[in-house]
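Participant: Take this structure first; my questions come after.
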Amino acid sequence: MVRRFLLVGVVAAALVVAGPAAGATVIQGGHYSGTETSSFDDCGFTLDVVSTFYGDAHLRVDQTGEAFLVKDTFHYRDVLTNPDTGQWFVIRGHGLFHDIKATQVEGTVYEFVAVEAGQPFVLEDAAGNVIVRDRGVIRHTYLFDTLGDSQPGGVFLEETQTVVHGPHPGFAPDFPFCEIAAELTGVTG
């Protein structure tokens, strides 16, 4: 749940602004920043979220003109508040998400290899005490259909491999996000 929230934010931010590797040309890049608000109730109670973020992203295209690769150095801070209790906690992070290569598999389908490095997920209580911290490197290999239109975007098909180096408790499928959120925001019973 939390990892999904993080990766969606990172990739969306990177594509809004859309380091060159061999055989790739930077076509767009620059600084981005912003603030967003949202709410969700996936845990059975509402959490209001105020997110602030900034970073630098670059979009480059490979020599085929079909595979677009992102390099995003990001920072974010989310304050999650239970509107019923007024209690809150913070999720923050910083790191680098970098598509390092794309290899054509067949037709318009490419295999991408990406690296996510840094501290992409740190959960703190309202007093600033760290409850959970992810750090290290995650290497993602995934299949992506570029649709053959020579434009950024396409269809994510599947992640074929994920290799995790360093402690990443927030990445675990059994990470107890809802239990931690309930405890930190005064949800009882």
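Participant: Once neighbouring chains are kept in place and the probe is 1.4 Å, which whole percent of the accessible area of the chain is contributed by carbon and sulfur?
Facilitator: Carbon and sulfur together cover 54 percent of it.
Participant: Starting from a Cα-only point model with no solvent, please compute log10 I(q)/I(0) by Debye for the chain at q = 0.17 1/Å.
Facilitator: Log10 of I(q)/I(0), two decimals: -1.10.
Participant: What translational diffusion coefficient, to the nearest whole µm²/s, does the range 80-189 have by Stokes-Einstein, given a Kirkwood radius computed over alpha-carbon pairs, a temperature of 37 °C and 0.692 mPa s viscosity?
Facilitator: 201
Participant: Moving to a separate point now. Enter the accessible area of Arg92 (Å², nearest 10), with the probe set to 1.4 Å and all protein chains included.
Facilitator: 60
Participant: Tell me the net charge near Gly44. Cut-off is 13 Å between Cβ atoms, Gly44 excluded, with +1 for each Lys or Arg and -1 for each Asp or Glu.
Facilitator: Numbers: positive: none; negative: Asp41, Asp42, Asp84, Glu179.
Here the count lands on -4.
Participant: Quick one: net charge of Tyr110's neighbours, Cβ under 9 Å, K/R +1, D/E -1?
Facilitator: Spelling it out: positives minus negatives among the neighbours equals -4.
Participant: Run the helix sum for the chain: -39,500 (n - 2.57) per DSSP H stretch of 4+ residues, divided by residue count, reported at 222 nm to the nearest 500 deg cm²/dmol.
Facilitator: It lands at -4000 deg cm²/dmol.
Participant: With a 1.4 Å probe and all protein chains kept in place, how much accessible area does Phe40 have, in Å² rounded to the nearest 10?
Facilitator: 40
Participant: Just add up the charged neighbours of Ala67: K/R +1, D/E -1, any other residue whose Cβ is under 15 Å from the Cβ of Ala67.
Facilitator: Once all neighbours under 15 Å are counted, the net charge is -4.
Participant: What whole-number value in cubic angstrom gives the convex hull volume per residue for the C-alpha atoms of the range 50-109?
Facilitator: On the way: hull volume 6.8 nm³, N = 60.
Hull volume normalised by residue count: 114 Å³.
Participant: Order Asp145, Asp84 by their accessible area, 1.4 angstrom probe, all chains in place, largest first.
Facilitator: Details: Asp145 35, Asp84 135 Å².
Correct descending sequence by accessible area is Asp84, Asp145.
Participant: Pull out the extension gain between Asp56 and Gln161, defined as 0.36 nm times the separation in residues minus the alpha carbon to alpha carbon distance; nm, one decimal.
Facilitator: 35.2 nm
The values are calculated or read from the model by the stated rules, or taken from the named source; none is laboratory data. Just so it is clear, the model here is predicted, and its values are computed rather than measured. No Cβ is skipped: glycine too gets one built from the backbone with ideal geometry, and neighbour counts run over all protein chains shown. Side chains are part of the model used for accessible areas, which takes the heavy atoms of the whole protein and leaves out ligands, DNA and RNA. Shrake-Rupley method; radii C 1.70, N 1.55, O 1.52, S 1.80 Å.
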